[in-house]
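The values are calculated or read from the model by the stated rules, or taken from the named source; none is laboratory data. Everything numeric here is computed off the predicted structure, so don't read it as measured data. All Cβ positions, even for glycine, are placed from backbone atoms using ideal geometry, and neighbour counts span all protein chains on display. These accessible areas exclude ligands, DNA and RNA; they are computed on the full protein's heavy atoms, side chains included. Shrake-Rupley method; radii C 1.70, N 1.55, O 1.52, S 1.80 Å.
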Amino acid sequence: MEESKSEHISNLGMIVIFLLGMILIFLVRSYDNIEREKFKKRLTEETIGFATRAEYGDEISHLKYYFYLNEKILSKIEIEESGETLINKFYKVKYNPNDFSENYIVLEDELKPDSITLVKAGFTKAKYYIYDAGVTCKYIEKSKWK
């Protein structure tokens, strides 16, 4: 009889600990969601950003990108997928007009902006040359947006 009471108390204690753990997880997730929503509400302005490279770590991978607001602003975002399909493309960037370091690149839709839109967003077209050693032995002019 005494063993069944102690087993009952032990089982009850395990249930209470489990429930407290679940409540703690729920509260932490709720807090994270509230903070994420506050962050998104502060991002009221939009511009165009360019994804430049993906960096892979042991646990976390990042996509680096930049955009212009009076100056070039470099930033990065944590990604889950392979970043190779995301680089060298233009995307919408949302930012806080009071603190440019608070920004977020929207990776869901790749932008295909025209040259006028890119110039208005602060980008410039840079010329560079590659040497064609095989056929013409001449420098070939190319250009890209920076």
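Before moving on, here are some points about what is shown:
- The number of residues in region 76-98 being among the charged types (D, E, K, R) and either on the phi > 0 side of the Ramachandran plot or touching a Phe, Trp or Tyr at 6+ places or on another chain (Cβ under 6 Å) (or both) comes to 1.
- Of the residues making up region 79-90, not one is in contact with a strand residue (DSSP E or B) (Cβ under 7 Å, 6 or more places away or on another chain), more than 11 Å from A54 (Cβ to Cβ) and not in a strand (DSSP E or B).
- Only one of the numbered conditions (1) among the polar types (S, T, N, Q); (2) open to solvent by 70 Å² or more (accessible area, probe 1.4 Å); (3) modelled with pLDDT under 80 is not met by T85, and that is (3).
- Put simply, of V93, V119, V106, V135 the only residue that is among the hydrophobic types (A, V, I, L, M, F, W, C), open to solvent by 40 Å² or more (accessible area, probe 1.4 Å) and outside any loop (DSSP other than H, G, I, E, B) is V119.
- Residue satisfying all of: in region 10-60; assigned to a loop (DSSP other than H, G, I, E, B) and under 16 Å from the mean Cα position of the chain (by Cα); farthest from F90 (Cα to Cα) among these: E59
- Selection of region 61-70 for residues being farther than 13 Å from K94 by Cα and either surrounded by fewer than 10 Cβ atoms within 10 Å (Cβ to Cβ) or of a type outside the set (S, T, N, Q) (or both) yields H62, L63, K64, N70.
- Test: I73 is surrounded by 15 or more Cβ atoms within 10 Å (Cβ to Cβ) and within 12 Å of the chain's Cα centre (by Cα): no
- Out of E80, E45, sole residue that is open to solvent by 70 Å² or more (accessible area, probe 1.4 Å) and either modelled with pLDDT under 85 or among the hydroxyl-bearing types (S, T, Y) (or both): E80
- Residues that are aromatic (F, W, Y) and in contact with an Asp or Glu (Cβ under 9 Å, 6 or more places away or on another chain), drawn from region 111-146: Y128, Y129, Y139
- Entry remark, region 122-132: residues being part of a strand (DSSP E or B), open to solvent by less than 70 Å² (accessible area, probe 1.4 Å) and either touching a residue at least 40 places away in the same chain (Cβ under 8 Å) or not aliphatic (A, V, I, L, M) (or both) number 1 in total.
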